[in-house]
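I have placed the structure first, in the form of structure tokens, so that the comments after it can refer back to it.
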Amino acid sequence: MFSNEDSILRLKDASRAMEICNACRYCETLCPVFPQITQFRTFDKPTLNYLSNLCHNCKGCFHGCQYAPPHEFDLNIPKTFSELRVDSYIQYAFPNILGKLFAKNGTVVSILIAVCIGLLFIAGAYFNSADSLFTAYDGKGSFFKVIPYEIMTLVSGLICLHVVIAFIVGFRRFWTENGDKMSELADLSLWKYAMGAAATLKHLDGGDNGHGCNHIDDRFGHSRKWFHHGVMYGFILTLISTTLAAIYHHFLGLHAPYDFDSLVVITGTLGGILMVIGCIGLTYIKIKADPVPISQKLLGMDYSFIAMLALVNITGLLLLIFRDGVWMPSLLCIHLGFVLAFFLMMPYCKFVHLLYRLGALLKYAKYVKNNS
Amino acid sequence: MKKIIVIGGGNAALCAAITAAQEGAEVTLLESSPKLWRGGNSQHTRNMRVYHPKPTTTLVESYPFEEYYEDLLKVTKGETNEELATLAIKSSIDLYYWMEKNGINFQPSLKGTLSLSRTNAFFLGGGKTLINREYQIAEDLGIKVLYEHEVLNVNLKDNSVESLDVVSPSGKLKLTADAYVAASGGFESNRDWLREAWGEQSKNYLIRGTKFNQGKVLKSLLSQGVQKVGKEEQGHAVAVDGRAPLYDGGIVTRLDCVPFGIVLNDEGNRFYDEGEDFWPKRYAIWGRLVASQPNQVGHVIIDSKSFDLFMPSVFEPTKANSIEELAQKLSLPVEEVIKTIDEFNAAVVEGDFDLTKLDNCKTEGLEVNKTHWARRIDTPPYYGYTLRPGVTFTYLGVKIDKDARVYMEDGKPMTNLFATGEMVAGNILSQGYLAGIGMTIGGVFGRIAGKGAANV
Ligand SMILES: Cc1cc2nc3c(=O)[nH]c(=O)nc-3n(C[C@H](O)[C@H](O)[C@H](O)COP(=O)(O)OP(=O)(O)OC[C@H]3O[C@@H](n4cnc5c(N)ncnc54)[C@H](O)[C@@H]3O)c2cc1C
Ligand code: SF4
Ligand code: SF4
């Protein structure tokens with residue numbers, strides 16, 4: 001499915017498409033890809049990797065293209081680019097061998113991993129420390145009665161380390177591929193542009209007059225932006241929550257579970273709810289959307305990512321609700337199972353979109369800067 | 001409630017249909033193409049020429065009425081219907097604001113590349129995005145859109161339309177309404193009609209736009225005593241890449257490299273001053289120039305000095321390391337080509353090459369001189385592009401008045417037929433072309449026709 005031969009054909013198709021666009025330029029203000037391509041005459045692999053990651057799949061250039069199928073030029077840029085993006089993820093993945101996981105990102109696989117980890121925990125907990133998995137523990141530190149603190153910290157620490165290394169290597173591969181130097185990243189103005197664009201998702205507005213993008217059909221709208229905001233800011237809130245919890249634990253000696261009115265619980269809950277709403281919304285858009293500009297091959301990866309995100313949060317919210325009851329130990333194991341599976345998959349699933357999209361925005365910021 | 005039928009599915013038809021519906025009429029729109037091909041030539045457009053006394057959100061500076069009118073007189077050599085031209089120009093700004101109000105997006109003026117952002121309003125994302133939006137507005141207003149419904153005949157009695165003969169996927173239909181708007185474009189895609197009008201050579205013409213503009217409504221009307229405007233052989237054609245598709249090649253097949261080299265015909269000879277003028281004049285004349293050459297082709301020859309100076313083209317050029325090899329690859333008579341190029345090179349007077357103005361690089365002493373941007377063709381690799389005429393649209397149409405009402409040959413206005421778009425462009429454009437005025441004519445008279453039809 002993502003074999004080398006396919007990838008070569010895709011590169012050819014994308015470069016053909018970009019040459020047509022370059023002679024047309026009608027989409028000039030729809031998204032950053034189009035002003036950027038005016039700088040090129042030919043399109044090599046690194047350039048196409050960059051452009052495909054600069055594309056945020058809004059489909060504006062599909063619905064507005066006079067050469068979209070049934071025209072014999074058969075331009076389907078969102079579809080071509082979305083598959084090319086995955087080729088690039090595979091190419092950048094560290095260790096390389098795990099890049100193969102991108103092609104096998106099905107929902108079932110991910111959930112299976114999560115369930116396995118959950119069961120492993122349950123088994124571990126059963127044999128080791130917990131008196132019973134169906135006891136209601138309460139009070140501070142109750143979670144650690146199920147899974148010992150050391151194990152929790154060690155496992156999450158190792159996984160985090162792995163994710164950080166994989167991300168740094170992947171990003172470096174992406175960034176330097178077109179000849180950009182790592183040292184250029186010291187230019188803060190690039191970060192200002194890229195972070196601003198990411199924080200507001202300004203490129204999902206479809207242009208300066210902010211009419212939105214084509215997510216479902218040829219109508220412009222903002223729904224995808226809002227649901228994406230839900231996921232993104234929800235994720236940030238849960239990260240804040242986790243960080244706060246770590247600080248409380250290590251520096252203030254306050255142990256989980258935290259009170260309902262504590263900042264940890266408030267940010268975590270809010271984040272969780274936002275992410276669940278965002279995931280449901282994004283799934284709805286995917287189901288309703290015109291299938292032609294969507295790569296059917298990638299739906300498995302997209303849905304599995306959304307499902308994992310949603311499940312991490314749903315199990316987290318359930319744990320919050322039932323944390324004083326007999327279901328807590330098993331819910332905790334399952335929730336941690338999903339969290340761990342999610343983090344394990346992070347460098348090899350749709351999550352890397354965040355990494356390379358930011359990288360592409362940084363590259364684009366360079367272009368904007370040089371041309372203003 | 002008045003029942004209106006609009007014939008056609010491009011910008012002109014949609015402006016009429018939307019206006020009629022906004023006036024409270026019950027509107028049906030008949031588009032001969034399937035949904036995926038809807039929008040006629042309008043789907044291939046980029047912009048619309050708009051008069052504006054002051055800047056708008058997307059149009060810079062001002063484009064005074066007088067200047068617009070002058071520009072029109074220049075291209076038509078003074079031959080236009082003053083009343084209608086004035087109306088079209090003056091109403092173009094209202095059309096712009098009306099579109100904006102209805103949620104049609106224009107793109108902010110571009111820096112640098114296009115000097116047209118003063119005179120022309122660019123549709124954000126191009127004509128297809130515009131068309132999509134127009135169909136959405138129509139849908140929201142409850143307009144019934146029937147795709148794959150082609151009008152074969154408009155049945156006239158006295159000076160009224162009685163009914164329409166239509167073919168649809170479910171067979172032949174006879175449709176009637178209180179009033180009708182004809183907006184079904186020109187006849188450029190009808191090869192038989194092109195041959196009648198332009199002779200055998202038209203078989204080598206490519207059509208830049210839709211294959212659905214067969215001119216059937218136009219033919220039906222003209223054959224029943226409706227007054228004609230414009231000449232059959234007038235229209236707009238540009239030089240396009242010879243490898244462009246037969247239909248719907250759209251914008252990308254245009255070739256912008258003519259002033260950078262020389263253009264040879266199939267016999268290996270030059271035939272016109274390649275450095276005469278800038279785009280867009282150059283753009284408009286080369287279609288006709290090439291059409292008058294043997295086999296209706298021209299071959300642009302440039303060398304590597306110029307390769308990066310013009311808009312990229314979609315098709316790869318023919319490339320060779322010597323003139324001889326290039327001539328062979330282009331199937332041109334080798335000796336003749338070498339001779340032409342040698343003569344040309346010898347006649348070049350060195351100057352300061354400057355793309356941005358009519359510079360002083362020229363040739364002297366040739367039968368056909370190149371008056372600007374002349375540089376020797378001497379630096380391999382050499383490149384060749386083959387040009388063919390690409391028809392944009394035809395000017396033959398029906399006579400209308402300022403209410404977009406159609407007239408009979410005997411001078412009587414028709415009671416219930418209005419027309420707009422390409423099929424009335426000939427009222428204003430007798431010849432020549434002013435970039436962006438096609439959409440203006442269609443939109444302005446579309447709105448007038450829609451309003452008129454809703455209030456017959
Ligand atoms: C490549 C290209 C680029 C252009 N760029 C510009 C530009 O930038 N600006 C500009 O102003 N002009 C441009 N033009 C010219 C412009 O396209 C026309 O002036 C304009 O589209 C005319 O609008 P219309 O609605 O009359 O015709 P069209 O848009 O051609 O619509 C005619 C419609 O009628 C339908 N039809 C035909 N026959 C029948 C029938 N018998 N029954 C039912 N339906 C029928 C067709 O399917 C079609 O939908 C361009 C043209 C081309 C080809
Ligand atoms: S996507 Fe289509 S309309 Fe847009 S620039 Fe490319 S070729 Fe032109
Ligand atoms: S799909 Fe959207 S973001 Fe991607 S290239 Fe097309 S217009 Fe740009």
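The values are calculated or read from the model by the stated rules, or taken from the named source; none is laboratory data. It should be emphasised that the depicted structure is a prediction, and the values quoted were computed from it without experimental measurement. Please note: Cβ atoms are built from the backbone with ideal geometry, for glycine as well, and neighbour counts cover all protein chains shown. For accessibility, only protein heavy atoms count, side chains too; no ligands or nucleic acids. Shrake-Rupley method; radii C 1.70, N 1.55, O 1.52, S 1.80 Å.
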Residue that is more than 27 Å from B:Gly186 (Cα to Cα) and in contact with a helix residue (DSSP H, G or I) (Cβ under 9 Å, 6 or more places away or on another chain), where the choices are B:Val50, B:Val60:
B:Val60
Among the candidates B:Gly438, B:Gly432, B:Gly384, single out the residue that is in contact with a strand residue (DSSP E or B) (Cβ under 6 Å, 6 or more places away or on another chain), within 30 Å of B:Glu200 (Cβ to Cβ) and not β-branched (Val, Ile, Thr).
B:Gly384
Is it the case that segment A:233-244 has a residue that's closer than 30 Å to A:Leu75 by Cα and either touching a strand residue (DSSP E or B) at 6+ places or on another chain (Cβ under 9 Å) or open to solvent by 70 Å² or more (accessible area, probe 1.4 Å) (or both)?
no
When restricted to B:Ala244, B:Ala179, the only residue among the small types (Gly, Ala, Ser) and within 19 Å of the chain's Cα centre (by Cα) is B:Ala244
Taking the residues in segment A:1-30 that are facing another protein chain (nearest Cβ under 10 Å) and farther than 18 Å from B:Val314 by Cβ as candidates, determine which candidate is most open to solvent (accessible area, probe 1.4 Å).
A:Thr29
For A:Leu112, work out the one condition from (1) at pLDDT below 80; (2) part of a helix (DSSP H, G or I); (3) surrounded by 14 or more Cβ atoms within 10 Å (Cβ to Cβ) it doesn't fulfil.
(3)
It is to be established whether one or more residues within segment A:26-36 are among the acidic types (Asp, Glu), within 14 Å of ligand 3 (Cβ to nearest atom), touching a helix residue (DSSP H, G or I) at 6+ places or on another chain (Cβ under 7 Å) and under 20 Å from A:Lys363 (Cα atoms).
yes
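Yes or no, residue by residue, for (1) open to solvent by 60 Å² or more (accessible area, probe 1.4 Å); (2) more than 14 Å from chain B (Cβ to nearest Cβ); (3) away from ligand 2 (no atom under 16 Å from the Cβ):
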{"position": "A:Asp44", "(1), (2), (3)": "yes, yes, yes"}
{"position": "A:Cys65", "(1), (2), (3)": "no, no, no"}
{"position": "A:Lys79", "(1), (2), (3)": "yes, yes, no"}
{"position": "A:Ala103", "(1), (2), (3)": "no, yes, yes"}
Keeping to segment A:188-236, report how many residues are β-branched (Val, Ile, Thr) and within 14 Å of another protein chain (Cβ to nearest Cβ).
1
Which listed residue is under 29 Å from the mean Cα position of the chain (by Cα) and free of Cβ contacts under 8 Å to residues at least 40 places away in the same chain, from B:Lys357, B:Lys370, B:Lys399:
B:Lys357
Going through segment A:51-63 in order, the residues found to be open to solvent by 10 Å² or more (accessible area, probe 1.4 Å) and either among the hydroxyl-bearing types (Ser, Thr, Tyr) or within 14 Å of chain B (Cβ to nearest Cβ) (or both) are A:Cys58, A:Lys59, A:Cys61, A:Phe62, A:His63
If we scan segment A:171-188, do we find a residue that is assigned to a helix (DSSP H, G or I), farther than 25 Å from A:Phe94 by Cα and open to solvent by less than 80 Å² (accessible area, probe 1.4 Å)?
no
For segment A:24-41, enumerate the residues that are modelled with pLDDT of 90 or more, among the β-branched types (Val, Ile, Thr) and more than 10 Å from ligand 2 (Cβ to nearest atom).
A:Thr38
Residues of segment A:214-245 satisfying the condition of being small (Gly, Ala, Ser) and touching a residue at least 60 places away in the same chain (Cβ under 8 Å):
A:Ser223, A:Gly234
Among helices (runs of 4 or more DSSP H) entirely within segment B:47-143, at least 1 residues that are within 14 Å of chain A (Cβ to nearest Cβ) and open to solvent by 30 Å² or more (accessible area, probe 1.4 Å) occur in B:82-101, B:127-140
Residue count for segment B:246-280, restricted to those that are more than 14 Å from every other protein chain (Cβ to nearest Cβ) and open to solvent by 20 Å² or more (accessible area, probe 1.4 Å)
13
Mind counting the residues in segment B:25-63 that are of a type in the set (Asp, Glu) and modelled with pLDDT under 95?
1
Looking at segment B:22-46 only, could you name the residues that are more than 14 Å from chain A (Cβ to nearest Cβ) and open to solvent by 20 Å² or more (accessible area, probe 1.4 Å)?
B:Gln22, B:Glu23, B:Gly24, B:Glu26, B:Thr28, B:Ser32
More than 16 Å from ligand 2 (Cβ to nearest atom), farther than 19 Å from B:Arg405 by Cα, touching a strand residue (DSSP E or B) at 6+ places or on another chain (Cβ under 9 Å) and without any contact (Cβ under 8 Å) to a residue 24 or more places away in the chain - does that describe any residue in segment B:136-146?
yes
Looking at segment B:224-245, can you tell me whether even one residue there is open to solvent by less than 20 Å² (accessible area, probe 1.4 Å), more than 27 Å from B:Ala182 (Cβ to Cβ) and away from every other protein chain (no Cβ under 14 Å)?
yes
Mind checking whether some residue in segment A:223-234 is outside any helix (DSSP H, G or I) and basic (Lys, Arg)?
no
Say whether the condition of being more than 21 Å from the chain's Cα centre (by Cα) and not in a helix (DSSP H, G or I) is met by at least one residue in segment B:206-224.
yes
Can you find even one residue in segment B:51-58 that is within 21 Å of the chain's Cα centre (by Cα) and away from ligand 2 (no atom under 16 Å from the Cβ)?
yes
Filtered residues of segment A:1-27 (kept if under 27 Å from the mean Cα position of the chain (by Cα) and within 16 Å of ligand 1 (Cβ to nearest atom))
A:Cys27
